[in-house]
Structure formats: structure tokens, C-alpha cells
1. What are the ³J(HN,Hα) couplings of region 54-65, residue after residue, when phi is run through the Karplus curve with 6.51, -1.76, 1.60 and θ = phi - 60°? Round to Hz, x for glycine and proline.
2. For an R0 of 22 angstrom, estimate the FRET efficiency from the Cβ-Cβ distance between I15 and M67 and round to the nearest 0.05.
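Please treat every number below as a calculation from the coordinates, not as lab data. Only a predicted model underlies this, so the values are computations on that prediction, with no experimental measurement involved. For neighbour counting, all protein chains shown are included, and Cβ atoms are generated from backbone atoms with ideal geometry for every residue, glycine included.
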Amino acid sequence: MLEKLQKFNKIFMRITWVFLIIGSVDHFSCELEATMFACENLPHEIAQYNLKLLWLMVAIIFLGEVMAWILKRRAQAE
């Protein structure tokens, strides 16, 4: 169970980074000339709720890491 939880946390962290990158590109795309294409082509709704979603994902990762830590401690005690 511990290995499955750790795999889930790794996958979830990667998804979180993808959303963070999309939100960052959307935020800076209208200000920088090099990323102006993103301002014209990316829908701004993607990044509108990105911060709330990011904090939710960070909270889920934190809970997963705490659970993994508890399971490791429990396995060491046995």
C-alpha cells in the first residue's frame, strides 16, 4: 500500500507542475513579446481557477506524504 501511495504522489506532483506551468505561461504571455502566441491561443479560463486548483493539489500531496510517513513509521515499529 505504501508503494502505491508513493506512486500516486509522484504522478500527482507531476500533474501539479503541469498546471503551474500552464498558469505561469498564461499569466506572463500577454506581457512578454516572445510568448504573445499563448495570450492569443490559450483560453484564459484555464488559469482562472488555476491557483485554487494548485492549492488543492498541494494539500492532497501533503496528505499523501503524511500518510506515507505514518505508514513507514508503523512498518518500522513492527
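1. Values per residue, Gly and Pro as x: 4, 5, 4, 5, 4, 5, 5, 4, 4, 5, x, 5 Hz.
2. That pair, I15 with M67, gives E of 0.75.
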